[in-house]
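Below is one structure; the comments refer to it alone.
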Amino acid sequence: MEVFVEKFADLKILRYKLNAFEKLSLQQKKYIYFLSMAARCGRDILWDQNNQYNLKVRKLLETVYKTYSGKRNQDIFKDFEIYLKRIWFSNGIHHHYSMDKIIPGFSKSDLLGFIEQSDLYSVTYKNEIDDLVDVITNPEREAKRVSLDSEKDLLDQSSMNYYNGVSQYEAESFYAEKRKEFSEKAPSFGLNSQLVKEEGILSELVWRIDGTYGKAIEQIVFYLEKAIPFAENALQKKTIEILVEYYKTGDLKLFDDYSIAWVKELEGNVDFINGFIEVYGDPLGIKGSWESIVNYKDHEATKRAVTLSENAGWFEAHSPVNDDFKKEEVKGVSAKVINVAMLGGDCHPYTPIGINLPNSEWIREEYGSKSVTIENITKAYFDDSLRNGMLEEFAASKPEIDRAKKHGYLAGNLHTDLHECLGHGSGRMKAGVSPEDLKNYYSTIEETRADLFALYYILDEKMIELGLVPSLKTGMAEYDAYIRNGLISQLTRIEPGKDIEESHMRNRQLIAGWAYEKGRENKVIEFFKQSGKTFIKVNDYGSLRNLFGELLSEIQRIKSEGDYKAAKEIVETYGVKVDNKLHVEVLARFKKLDIAPYSGFLNPEFNLIKDDHGEVVDVCVEYADDFAKQMMDYSERFGFLQP
Ligand code: ZN
């Protein structure tokens, strides 16, 4: 299966692969099948949450797309198609990332022309068409979905659809009042409703089966109930039953009960999210956008994380850190790695690469959280990165490119596992020292420490012994990539003339820059020029590993002793400033590659295979290959709130 599907505007459509899906049991496959149906039934909810005109705009444009009788191969109609694809991608008329309204490549009269030559029989709101055309083409209207300019009323300047006729002050007071009765363990008030003001009175329109969005929620519940008989264990069954009860009543207390049951369920292979979860779409951070992800465990990758965790003690004992700063007993964090089987709502087509839920602070404290990495999404990103030209443009040599292609994926994952499962948990603080002592440098120092722990061990023979890598080539590929990224390619993400602000980017430049300086005399790492372009290469992997060990020891000391002065010194010297000349060169080279910055994903389709008696005997995966076709199909099959 080819990962890349198509590219338009600043967007790219990719596909993810369902690793080892065929190895799941029939029961698990059926479970995934029904959960995947439920995962798509709330699509229209999200569209309406994002903006009050979205569903009407979508239907109008899809009607034109389907029935336009004019010339389809003219440039201006192509612009129309690109605009429609962009709003499908964003689940509405605003850019999914910048939140700005998407400006179409056609004019108002072009659009009116398209509409004139289309068959609008199914559009029931004909008297509103002129207004919708204005919404689409007038840049002043509905200009930004979420605006965070705190100088003004946040609700006034944001055109999401979570509030109606309510000011920021009114909304904030309304929820502050509700929370007042609870000292702690308060439900997430406001998470599942629109707040409206009518005749001076504030009230909530709750999203539940007999309330707002009822038609879509009814379908979600229908498929969740269908899934229950195929659950893998009693706790999964109970989790779905509570979720269904919550969708029926809208009672947020039940949503907390559901979250607690969900976070406790760790035995099953299949898991899912379905509900009003993340609050980024609301400038006040109260209202949850509807989303869903259905997933199953990746046994291979999970094994890797478990092996590291089980050997956590060995790694701590053998690290180059001063014994005073080592833990006497360490427990590795066992991360779970999953494959997604279906994305829905706010996770589709644009999707996260990890999940860390629930969001409720008191539930996290009392019951913990589930944190997972999505293997098949990161794999799709990696495969795509091999074909976008970045590697050929910035890698120093053919052997380096070949090594990256062959070992880079495992190298990157192993680095992440070492960083997350062992790095952050390693080391100990001196008595009386706290993380706050490093103030604003804490997170950079902490990320530096975890990265160095990973870099030091990824080139250790122990990796081969534990069966985690086939050879030390994996570690070498990681060193190439880390140095190249830290000193050259990550500059593509910094605006011209700016310093590095983000702590992960700071820590990467700090490590690569420090190692370059310290190994300069012996040319451990070397810059060189070829055809006017700057490259960097590692000459001596063993010495570089020793340098990483040396720096790890110093960074651990800084953290353990809370040495603010040393933290500041090392971060400011190596992590912040950018070489301006190199930066300009790198940005120019990057621009030529014309890489779309955002990727979204096509979902697969599941086919039920039946025997002569109509009994389902298997569930097969079919990979879709046409974005527009999938979007039109979804509007047709899951368009439960169609205007
Ligand atoms: Zn980290």
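The values are calculated or read from the model by the stated rules, or taken from the named source; none is laboratory data. Treat the numbers as computed from the prediction; the structure is a model and nothing was measured. When we count neighbours, we look across all protein chains shown, and the Cβ atoms used for this are built from the backbone with ideal geometry, even at glycine.
Remarks
- Odd one out for residue 386 among (1) under 24 Å from residue 300 (Cβ atoms); (2) of a type in the set (A, V, I, L, M); (3) at pLDDT 95 or above; (4) away from the ligand (no atom under 16 Å from the Cβ): (3)
- Selection of region 409-467 for residues being within 12 Å of the ligand (Cβ to nearest atom), among the small types (Gly, Ala, Ser) and within 18 Å of residue 484 (Cα to Cα) yields only 454.
- Residue within region 81-104 that is farther than 25 Å from residue 44 by Cα, part of a loop (DSSP other than H, G, I, E, B) and at pLDDT 95 or above present: no
- Qualifying residues in region 483-509 (those that are away from the ligand (no atom under 16 Å from the Cβ) and charged (D, E, K, R)) - the one nearest to residue 538 (Cα to Cα): 484
- The condition (being in a helix (DSSP H, G or I) and touching a Phe, Trp or Tyr at 6+ places or on another chain (Cβ under 9 Å)) is satisfied by just one residue among 585, 572: 572.
- Residues of region 619-634 classified as in a strand (DSSP E or B) and in contact with a Lys or Arg (Cβ under 7 Å, 6 or more places away or on another chain), total: 2
- Just so you know, in region 189-215 the residues that are out of contact with any strand residue (DSSP E or B) (no Cβ under 8 Å at 6 or more places or on another chain) and part of a strand (DSSP E or B) include one that is farthest from residue 366 (Cα to Cα), and it is 198.
- Per this entry, residue 616 is not counted among residues that are under 30 Å from residue 529 (Cα atoms), in contact with a helix residue (DSSP H, G or I) (Cβ under 7 Å, 6 or more places away or on another chain) and either touching a residue at least 12 places away in the same chain (Cβ under 8 Å) or not hydrophobic (A, V, I, L, M, F, W, C) (or both).
- Of all residue pairs spaced 6 or more apart or on separate chains, those with beta-carbon atoms under 8 Å, a first member in region 22-47 that is of a type outside the set (A, V, I, L, M) and a second member that is modelled with pLDDT under 95 and not in a helix (DSSP H, G or I) are 44/642.
- The residues of region 241-294 that are modelled with pLDDT under 95, over 21 Å from the mean Cα position of the chain (by Cα) and part of a helix (DSSP H, G or I) amount to a single one, 264.
- For region 550-562, the set of residues classified as in contact (Cβ under 8 Å) with a residue 24 or more places away in the chain, assigned to a helix (DSSP H, G or I) and of a type outside the set (Ser, Thr, Tyr) consists of 550, 551, 552, 555, 556, 557, 558, 559, 561, listed by residue number.
- In region 365-389, the qualifying residues are those that are in a helix (DSSP H, G or I) and of a type in the set (D, E, K, R), and the one that is farthest from residue 12 (Cα to Cα) is 366.
- Only listed residue being within 22 Å of residue 220 (Cβ to Cβ) and at pLDDT 95 or above, chosen from 585, 605: 605
- Selection from region 154-188 of residues that are assigned to a loop (DSSP other than H, G, I, E, B) and within 25 Å of residue 91 (Cβ to Cβ): 154, 155, 156, 157, 158, 159, 160, 161, 162, 165, 166, 188
- Test: residue in region 410-423 that is more than 24 Å from residue 470 (Cβ to Cβ) and modelled with pLDDT under 95: no
- Matching residues in region 448-459 - criterion: being touching a residue at least 60 places away in the same chain (Cβ under 8 Å) and more than 15 Å from residue 510 (Cα to Cα): 456, 457, 459
- Subset of region 7-45 [touching a helix residue (DSSP H, G or I) at 6+ places or on another chain (Cβ under 6 Å) and assigned to a strand (DSSP E or B)]: 8, 11, 13, 14
- Residue within region 414-424 that is in contact with a Lys or Arg (Cβ under 7 Å, 6 or more places away or on another chain) and in a loop (DSSP other than H, G, I, E, B) present: no
- When residues of region 495-549 are limited to those that are basic (Lys, Arg) and assigned to a loop (DSSP other than H, G, I, E, B), the one modelled with the lowest pLDDT: 498
- Considering the conditions (1) within 16 Å of the ligand (Cβ to nearest atom); (2) of a type outside the set (A, V, I, L, M); (3) crowded, with 24+ Cβ neighbours inside 10 Å, residue 480 is excluded by exactly one of them, (1).
- The listed residue being aliphatic (A, V, I, L, M), on the phi < 0 side of the Ramachandran plot, in contact (Cβ under 8 Å) with a residue 24 or more places away in the chain and in contact with an Asp or Glu (Cβ under 6 Å, 6 or more places away or on another chain), out of 191, 235: 235
- Residue within region 124-144 that is surrounded by 12 or more Cβ atoms within 10 Å (Cβ to Cβ), under 15 Å from residue 282 (Cβ atoms) and without any contact (Cβ under 8 Å) to a residue 24 or more places away in the chain present: no
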